[in-house]
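This report concerns only the one structure given below.
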Amino acid sequence: MIVAAVLFTYAILLSTLTPRLLRGAHWTERAPRLGIVVWQALGVSALTAAALAGLALTVPTVRVSADLAELLQACVMALTAQYASPGGAAAGAAGAVLTLAVLGRTAWCVGHSAVRIRRARREHREVLDMVGRPDTTRGIVVLDHEEPAAYCLPGRHRRTVITTGALRVLDDDQLEAVLTHERTHQAERHDAVLAWAQALTHAFPRVPLFRTAEAEIARLVEMRADDMAAARSGRLTTAAALLAVAGGRAPAVALAAGGSTASRRVRRLIEPCRPLSRLRIVAGSLTAAVALAVPLLVVGGPAAAATQSNYCPNGTPADQVTMMR
Ligand SMILES: [Zn+2]
């Protein structure tokens, strides 16, 4: 019961406090990829803690043994002891409902989102193949449209789309910056990163952590792609390219070079580059690792301690085996 309470409290605190502490943190803009990893780790940690809290209520701790028969018998005896009382049975049932709700809702929303996104991308790709002109030299699809826009449809049958309006206003270096931006989205599978964050928000819309993480990750993947473009084409060239295509619209299932965050990103590229120090990168990586490990350590600690303890109400199976001999 204590393990479940600790995990549940941890999940609540993580879900409510970290968005206030981390939202819009400047250090994430200085190391966008690390920021993405930290937000993802926090989300997975909260989800794991909630699921394990339910599991800890449902399944009592038993002695861990290499002897399968002994382990099973210990499990049965511990379960029988817990569910013999109405309070124990109610707690066990509540824990089972919590775990199944968390895992089931997550799996359903992730699966549903994947199917919906795949269908929408396929439909848009079919339209592109009909109305777009492939430019095999640059590896892009050119769309006849006055509005300067650039976006990519990620996935196995990826497409990088540039409008004729964008080709008219971008010089060669700026076009290269835009293409590097889009290739980064594709190479680092930012679509999958975003789809996971969106699915968690859809599954648990009232959880502040998931809502904030989705917005922050959407901002940070763009900054990460900007950084890769800037490393190749220069920060000012990338900023100018972004300005040129900032107003361009893109389908909801695509990753655009412009978008609502473009003005902040342009300012960021114009400002002096201040990469995060190695020490702070290590600290951020450790934070992500600790966040992922905490729920497992909370559950694993008592389980490990149980290997030295007797949790069976009527003696351990080993004792009974000894007596039978
Ligand atoms: Zn982008």
Task: Residues of region 188-217 satisfying the condition of being open to solvent by less than 40 Å² (accessible area, probe 1.4 Å), under 16 Å from residue 37 (Cβ atoms) and within 16 Å of the ligand (Cβ to nearest atom) - done: 190, 193, 194, 197, 216, 217
Open item on the list: Conditions first: (1) in contact with a helix residue (DSSP H, G or I) (Cβ under 9 Å, 6 or more places away or on another chain); (2) farther than 21 Å from residue 246 by Cα; (3) in contact (Cβ under 8 Å) with a residue 40 or more places away in the chain. Residue 157 passes all but one, so which condition is the exception?
Closed with: (3)
Open item on the list: So, in region 258-267, how many residues would count as being small (Gly, Ala, Ser) and modelled with pLDDT of 75 or more?
Closed with: 2
- [ ] Pairs only if they're at least six apart or on different chains, beta carbon under 6 angstrom, first in region 251-273 and under 17 Å from residue 143 (Cβ atoms) and aliphatic (A, V, I, L, M), second away from the ligand (no atom under 14 Å from the Cβ) and assigned to a helix (DSSP H, G or I); list them, first residue then second.
- [x] 253/117; 253/120; 253/121
Open item on the list: Considering only region 243-264, I want to know if a residue exists there that is more than 16 Å from the ligand (Cβ to nearest atom), within 16 Å of residue 32 (Cα to Cα) and open to solvent by 40 Å² or more (accessible area, probe 1.4 Å).
Closed with: no
Task: Selection count, region 152-161, where residues are within 13 Å of the ligand (Cβ to nearest atom) and of a type outside the set (A, V, I, L, M) - done: 3
Open item on the list: So in region 162-187, with the set limited to residues that are away from the ligand (no atom under 11 Å from the Cβ) and within 25 Å of residue 214 (Cα to Cα), which one is surrounded by the fewest Cβ atoms within 10 Å (Cβ to Cβ)?
Closed with: 187
Task: Matching residues in region 222-242 - criterion: being under 11 Å from residue 257 (Cα atoms) and within 11 Å of the ligand (Cβ to nearest atom) - done: 222, 223, 225, 226, 229, 242
Open item on the list: Looking at 159, 138, 133 in this structure, which one is among the charged types (D, E, K, R) and within 26 Å of the chain's Cα centre (by Cα)?
Closed with: 159
TODO: Select from region 101-143 the residues that are open to solvent by less than 90 Å² (accessible area, probe 1.4 Å) and among the hydroxyl-bearing types (Ser, Thr, Tyr) and write down the one among them that is modelled with the lowest pLDDT.
DONE: 113
Task: Number of the exception - residue 238 against (1) open to solvent by less than 40 Å² (accessible area, probe 1.4 Å); (2) of a type in the set (Ser, Thr, Tyr); (3) at pLDDT below 95 - done: (3)
TODO: Identify the residue in region 144-155 that is surrounded by 14 or more Cβ atoms within 10 Å (Cβ to Cβ) and not hydrophobic (A, V, I, L, M, F, W, C) and, among all such residues, is farthest from residue 44 (Cα to Cα).
DONE: 145
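The values are calculated or read from the model by the stated rules, or taken from the named source; none is laboratory data. This is a predicted model, so every value here is computed, not measured. Counting neighbours? That spans all protein chains shown, and the Cβs are built from the backbone with ideal geometry, glycine included. Ligands, DNA and RNA are excluded from the accessible area calculation, which covers all protein heavy atoms including side chains. Shrake-Rupley method; radii C 1.70, N 1.55, O 1.52, S 1.80 Å.
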